[in-house]
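S.K.: Quick one: the structure is below, and I'll ask about it shortly.
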Amino acid sequence: MLRDIVSNELYTILLVTGLVVVAVAKLVSPKRFDDFIFVLGNYKYLKIYSREQKFLDKFDALLFGNLILSLSVFSFIAYQNITNSKSLSIDLMFKLSFGIAVFILIKVLIERLIGSLFGIDKLIDQYLFQKISYKNFLGVLLLPINAFLLFSFNPSLPIIYFVIILLLIVNIIGLITSFKTHQSLIKHNYFYFILYLCTLEISPYVILYKVFITK
């Protein structure tokens, strides 16, 4: 049975690990990383690197690893504040990280499967690259946010909700960017677009919300 840790030692280890992973990503592709940092307001990164993407991309894999770590840390901070829990279980943190990684990967695989079934692999690959890029950006953004929440001041519920809203806004910007890129195709397949939006972009998060609320 793994013991509970009351201090921030585990959080610190995860934050440092995330920083190391991001640093390695910068060392692996310094020019790409510099372009990636400005992905939120610049389409240059998406246009250039979507053409060079691979199924197993080292740069994206590293940033995805940081995303899982950073998102897990923030999720646990939010959980502790919402439930007024003070303990930090290594076992629970591992399960949370594993669950987030599996959820995102399964969602991506389902979208790739849909692309193969309808013969739109290239379109889906570009769309997924854009979405993953914005999610990885969220992971980098969460590094300083988590550090402030842990070491600068005691997080309150309004601050937690503000950060959640900020992350949602960044994610929505990513979706809008992707939709703008393929707006001509969407106009001709509006019904399928709405069906996709409800099935793969909204319902999974609604289900997760219901699961956590009922617990």
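The values are calculated or read from the model by the stated rules, or taken from the named source; none is laboratory data. Small disclaimer: the values here were computed from a predicted structure and weren't measured. Note that we place each Cβ from the backbone using ideal geometry, even for glycine, and neighbour counts take in every protein chain shown.
S.K.: Among the candidates 163, 102, 140, which residue alone is assigned to a helix (DSSP H, G or I), exposed (fewer than 12 other Cβ atoms within 10 Å of the Cβ) and modelled with pLDDT of 85 or more?
M.R.: 102
S.K.: Do you know which residues across the range 43-71 are assigned to a helix (DSSP H, G or I), modelled with pLDDT under 90 and surrounded by fewer than 16 Cβ atoms within 10 Å (Cβ to Cβ)?
M.R.: Hits for the range 43-71 are 44, 47, 48, 58.
Condition check ((1) part of a loop (DSSP other than H, G, I, E, B); (2) at pLDDT 80 or above) across all residues:
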position: 135; (1), (2): no, yes
position: 149; (1), (2): no, yes
position: 154; (1), (2): yes, no
position: 173; (1), (2): no, yes
position: 184; (1), (2): no, no
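S.K.: Out of the residues in the range 115-167 that are without any contact (Cβ under 8 Å) to a residue 12 or more places away in the chain and polar (S, T, N, Q), state the one that is nearest to residue 19 (Cα to Cα).
M.R.: Checked the range 115-167; the qualifying residue nearest to residue 19 (Cα to Cα) is 152.
S.K.: Mind checking which pairs have a first residue in the range 95-114 that is at positive phi and a second that is small (Gly, Ala, Ser) and part of a helix (DSSP H, G or I), Cβ under 9 Å, 6 or more apart or different chains?
M.R.: Once the first residue is at positive phi and sits in the range 95-114, no partner that is small (Gly, Ala, Ser) and part of a helix (DSSP H, G or I) comes close enough.
S.K.: Which one is modelled with the lowest pLDDT among residues in the range 72-95 that are among the hydroxyl-bearing types (Ser, Thr, Tyr) and either assigned to a helix (DSSP H, G or I) or within 13 Å of the chain's Cα centre (by Cα) (or both)? Before the answer, list the steps.
M.R.: The initial filter retains those residues of the range 72-95 that are among the hydroxyl-bearing types (Ser, Thr, Tyr), namely 72, 75, 79, 83, 85, 87, 89.
Cutting the leftovers down to either assigned to a helix (DSSP H, G or I) or within 13 Å of the chain's Cα centre (by Cα) (or both) gives us 72, 75, 79, 83.
On the way: 72: 90, 75: 87, 79: 79, 83: 75.
Ranking the candidates gives 83 first.
S.K.: Taking only pairs six or more apart or across chains, which ones have beta-carbon atoms under 9 Å, a first residue in the range 72-93 that is closer than 17 Å to residue 12 by Cβ and buried (at least 18 other Cβ atoms within 10 Å of the Cβ), and a second residue that is modelled with pLDDT under 75 and of a type in the set (Gly, Ala, Ser)?
M.R.: Partner pairs satisfying both residue conditions: 88/7.
S.K.: Being surrounded by 13 or more Cβ atoms within 10 Å (Cβ to Cβ) and at pLDDT 80 or above is the filter here; which residues of the range 113-133 pass it?
M.R.: 128, 129, 130, 131, 132, 133
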